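Following: one structure in structure tokens, then a few remarks.
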């Protein structure tokens, strides 16, 4: 490189400069960024995008590894089976329940934590590090830890719940079809509150302090300050975070798979765990892909509605 | 709000009570994990639900480390996570740099594609990936896990790196380039040292993500000697579900690397994550 620069400088007077300059401009603006981007593009293309297309095509085929000679294109057969699959509708309902309660409780507790962290108190740095710790715990370990906490032999929770009169006797709620889903939801809240707190805290810190001072001078109550200044400023951040988190949680299968495996009696089966168990245990790739396409469509419709709502609200 | 809280003593008490609740909620499950891990086997059933054990032992850790395959799982996970973190950070740094410094045709499209990969159900590609990897004969190979995890983590890591590059003034490298160095030299000598904290944070995020990935590892790895920690622990749990102390000791061990990285990236957490989130 150095050598070439020297030559270029030496031949400067002889060789007309323009074509060279244009070539380097061309290089700089069209080729160079792609040189930096190509590894990322190649990896995302081959590991995510191509398999994604193949996955969609699987939903129109019969691919069961346990029955290798039965494979082939079947048109919409898988979708017809999905429509009449009772387990699919149960899983769909559970997905809504799981996502709604996980997101709303994570959000409320995360907002509370962010508001607290936005004030001054003794030992704040240490406190912040400790309450954010669950976020660093690997998900499979969060799942196991909470499963153990709910176990009446070694966990305290069933006994405490029985003492409070919520349970008639200390038994494992993960084995109770009525209550089992609250186990993974609890684990999810524990694991997800820090994320909401971090995002909301940053948004809080970007609110200009003068606004609060002005409100104080005008004698606004704490609730007025919160509802008239804090909430409106947070709203855009809340909207984006909640939307992204909803999608993420609807896709999130690890906790439920480890804690209950979708049982008892499918009472905790959500669409993403149904996809995984169908692919992993039954090795029925065609049907697993069909459920996945259904989940994808649901999430797509959800995002479109949210984006549409956002546009409408901003216009006003 | 802060002013109102400062005024009344009742509000102060309520605030500290709330802080305490959050602290207990965050730490209690981890305390319990460690508590059962250090409780001697003989006491697990008699005082399993007692908050403080009457005796403490490290036997469970010794058994887990010396008599089971956990060290091998641990090594596999470390290899996969470090490999993924290193490759991802390198690739994402290059991509993030391009997003931060260049305007080019297709930039918006690329960013949109990367955002979409963050939103669709990744489980959707678990079957095709399994088939592709089994066709090239790479099942039970840790390298295949590294490739898959790297691709999954590139989008987020790229946005993170981009936000770090955006924080470094363009003038610095332009000045270096004026003085006759190539862009690559400017990148290496001027930008690289400034972005070390960003690289560290990205390494940390990707490492923790790879360390805790379970479902693809379950699908792609079935041989015992290639199992990563999550797969190994889960297999262990479903096989020997009464060795509570040992399982929890293994769990505590799995916690160690993530916590180390967490302490390391704590500083960048709020700043890095949010600047990425705001832009994303």
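The values are calculated or read from the model by the stated rules, or taken from the named source; none is laboratory data. The structure displayed is predicted, hence computed values, not measured ones. FYI the Cβ positions are ideal-geometry reconstructions off the backbone, even for glycines, and counts take in every protein chain you see.
Mind checking which pairs have a first residue in the range B:197-214 that is more than 12 Å from residue B:84 (Cα to Cα) and a second that is outside any helix (DSSP H, G or I), Cβ under 7 Å, 6 or more apart or different chains? These pairs meet every condition: B:212/A:138. Looking only at residues in the range A:88-108 that are within 13 Å of another protein chain (Cβ to nearest Cβ) and under 17 Å from residue A:248 (Cβ atoms), the one that is surrounded by the fewest Cβ atoms within 10 Å (Cβ to Cβ) is A:105.
Listed here are the residues, each with its yes/no results for (1) surrounded by 16 or more Cβ atoms within 10 Å (Cβ to Cβ); (2) at pLDDT below 90; (3) outside the structural domain of residue B:196 (by TED's automatic domain parsing); (4) out of contact with any strand residue (DSSP E or B) (no Cβ under 6 Å at 6 or more places or on another chain).
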residue: B:10; (1), (2), (3), (4): no, yes, yes, yes
residue: B:22; (1), (2), (3), (4): yes, no, yes, yes
residue: B:38; (1), (2), (3), (4): yes, yes, yes, yes
residue: B:51; (1), (2), (3), (4): no, yes, yes, yes
residue: B:94; (1), (2), (3), (4): yes, no, no, yes
residue: B:99; (1), (2), (3), (4): yes, no, no, yes
residue: B:110; (1), (2), (3), (4): yes, no, no, yes
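Of the residues B:253, B:260, B:234, the single one that is modelled with pLDDT of 80 or more and either farther than 25 Å from residue A:130 by Cβ or touching a strand residue (DSSP E or B) at 6+ places or on another chain (Cβ under 8 Å) (or both) is B:234.
Being within 14 Å of another protein chain (Cβ to nearest Cβ) and at pLDDT 85 or above is a description that does not apply to residue B:174.
Within the range A:236-254, the set of residues being within 8 Å of the chain's Cα centre (by Cα), facing another protein chain (nearest Cβ under 10 Å) and at pLDDT 90 or above comprises A:247, A:248, A:250, A:251, A:252.
So that you can scan it fast, the table gives a plain yes or no per residue for (1) in the same structural domain as residue A:287 (by TED's automatic domain parsing); (2) in a helix (DSSP H, G or I); (3) in contact with a strand residue (DSSP E or B) (Cβ under 8 Å, 6 or more places away or on another chain); (4) at pLDDT below 85:
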site: A:6; (1), (2), (3), (4): no, yes, no, yes
site: A:9; (1), (2), (3), (4): no, yes, no, yes
site: A:14; (1), (2), (3), (4): no, no, no, yes
site: A:22; (1), (2), (3), (4): no, yes, no, yes
site: A:30; (1), (2), (3), (4): no, yes, no, yes
site: A:44; (1), (2), (3), (4): no, yes, no, no
site: A:91; (1), (2), (3), (4): yes, yes, no, no
site: A:97; (1), (2), (3), (4): yes, yes, no, no
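Residues being touching a residue at least 12 places away in the same chain (Cβ under 8 Å) and within 12 Å of chain B (Cβ to nearest Cβ): count how many of those fall in the range A:162-191. Number of matching residues: 6. Checked against (1) more than 10 Å from chain B (Cβ to nearest Cβ); (2) out of contact with any helix residue (DSSP H, G or I) (no Cβ under 8 Å at 6 or more places or on another chain), residue A:213 meets all criteria but (1). For the range A:143-153, taking the residues that are more than 8 Å from chain B (Cβ to nearest Cβ) and in a helix (DSSP H, G or I), the one that is nearest to the chain's Cα centre (by Cα) is identified as A:143. Condition test on residue B:87, is it over 27 Å from residue A:187 (Cα atoms) and under 24 Å from the mean Cα position of the chain (by Cα)? Yes; evaluated as a whole, the condition is true for this residue. The set of residues in the range B:71-119 that are farther than 30 Å from residue A:31 by Cα and without any contact (Cβ under 8 Å) to a residue 60 or more places away in the chain comprises B:71, B:75. Where helices (runs of 4 or more DSSP H) fall wholly inside the range B:159-230, the ranges with 3 or more residues that are within 21 Å of residue B:263 (Cα to Cα) are B:196-212. Checked against the criterion of being touching a strand residue (DSSP E or B) at 6+ places or on another chain (Cβ under 9 Å), surrounded by fewer than 21 Cβ atoms within 10 Å (Cβ to Cβ) and either without any contact (Cβ under 8 Å) to a residue 24 or more places away in the chain or more than 10 Å from chain B (Cβ to nearest Cβ) (or both), the candidates A:85, A:70 yield just one match: A:70. Of all residues assigned to the range B:115-129, none qualifies as being surrounded by fewer than 22 Cβ atoms within 10 Å (Cβ to Cβ) and more than 11 Å from every other protein chain (Cβ to nearest Cβ). For the range A:110-127, filtered to residues that are more than 8 Å from chain B (Cβ to nearest Cβ) and part of a helix (DSSP H, G or I), the residue that is nearest to residue B:248 (Cα to Cα) is A:126.
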